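Worksheet for the structure shown next.
The values are calculated or read from the model by the stated rules, or taken from the named source; none is laboratory data. The structure presented is a predicted model; accordingly, all values stated were derived computationally and were not measured. When we count neighbours, we look across all protein chains shown, and the Cβ atoms used for this are built from the backbone with ideal geometry, even at glycine.
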């Protein structure tokens, strides 16, 4: 396959693995790279072979999302030997107060050791040191673009990313939105909306919640049980403005990790004014994730205080569907009996109420 050209200049072909931050930043990446005249190639959705390949190249202490990333990279390279670059961004800090997991900090370095990997297209997000627009300029240089073109591409990408987030806050699901992004379609809610007699807050990192292969189609299973699912992405932006103080009696104890801070910020609303807006909380975590294990314990204790049912499900490459279904069905039935005992009306009759200024 010949690469397309623009004038006398080659149009670079860049591969993006469908894993980890793909589920969070892909709309931004896609718009940014396309504005820089790049042809994007995505790896296929996660499957059994990709997981097995990733597990083979990843050491035991790695969490399953990183192992999947390895497998996605290898599949991408195998299917597209003519790639000019592999886009593996380094996310250090998105806000000045916290960091990303060390596995994200070192991702471009460890991916280089995988066999037959093409040149890495560098893009570092570290607002503690420099603005993201600076990273966009450096990205553009690698693709032969000037500063003005790179800044303009960044502005358009950020605008599109804001539209994407607004769509999610209006009730759109991440997987549906990503399909629209991939097909260059406008953001539009599906005609058929999932409604149930129960409403759960599903906590977890996007790569755990929205990779339907590794989580055994978790959200679909909840929908089939008559559960309306709410995720962090659906919550209003103002809920994430105020930092969480984990232990105010011991002084100012802030969350060190970016993802965990967002999870704690989300749950804070449902511990106070929003506690009657959901029927339960499920926290989907990957085995060997230390930060998630820590905050899961904190959340579980808080849930007991306010009386909200809480379920933690840990997954890895050995997770089985039968065991997961048993836990989901038992939890849903327990919560449903509780609502019936209290004489509460089905959730589909009420829209969730967010209280500005919480």
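Could you run through the stretch 132-154 and say how many residues are without any contact (Cβ under 8 Å) to a residue 12 or more places away in the chain and either within 19 Å of residue 88 (Cβ to Cβ) or part of a helix (DSSP H, G or I) (or both)? The total comes to 4. Of all residues in the stretch 307-358 being surrounded by 13 or more Cβ atoms within 10 Å (Cβ to Cβ) and more than 22 Å from residue 196 (Cα to Cα), which is modelled with the highest pLDDT? Going through the qualifying residues, I end up with 314. Return a yes/no flag: does the stretch 320-330 have any residue that is closer than 30 Å to residue 103 by Cα, within 23 Å of the chain's Cα centre (by Cα) and not in a helix (DSSP H, G or I). Looking through the stretch 320-330, at least one residue is closer than 30 Å to residue 103 by Cα, within 23 Å of the chain's Cα centre (by Cα) and not in a helix (DSSP H, G or I).
Among residues of the stretch 99-112 being in contact with a helix residue (DSSP H, G or I) (Cβ under 9 Å, 6 or more places away or on another chain) and over 23 Å from residue 243 (Cα atoms), the one that is surrounded by the most Cβ atoms within 10 Å (Cβ to Cβ) is 107.
Residues in the stretch 47-62 that are within 15 Å of residue 215 (Cβ to Cβ) and surrounded by 23 or more Cβ atoms within 10 Å (Cβ to Cβ): 50 alone. Within this structure, residue 182 passes the test of being surrounded by fewer than 17 Cβ atoms within 10 Å (Cβ to Cβ) and touching a strand residue (DSSP E or B) at 6+ places or on another chain (Cβ under 8 Å).
The one condition from (1) surrounded by fewer than 16 Cβ atoms within 10 Å (Cβ to Cβ); (2) assigned to a helix (DSSP H, G or I); (3) more than 23 Å from the chain's Cα centre (by Cα) that residue 163 does not meet is (3). Looking at residue 216, is it on the phi > 0 side of the Ramachandran plot and modelled with pLDDT under 95? The answer is yes for residue 216. Entry remark, the stretch 314-326: residues being over 22 Å from residue 54 (Cα atoms) and touching a residue at least 60 places away in the same chain (Cβ under 8 Å) number 2 in total.
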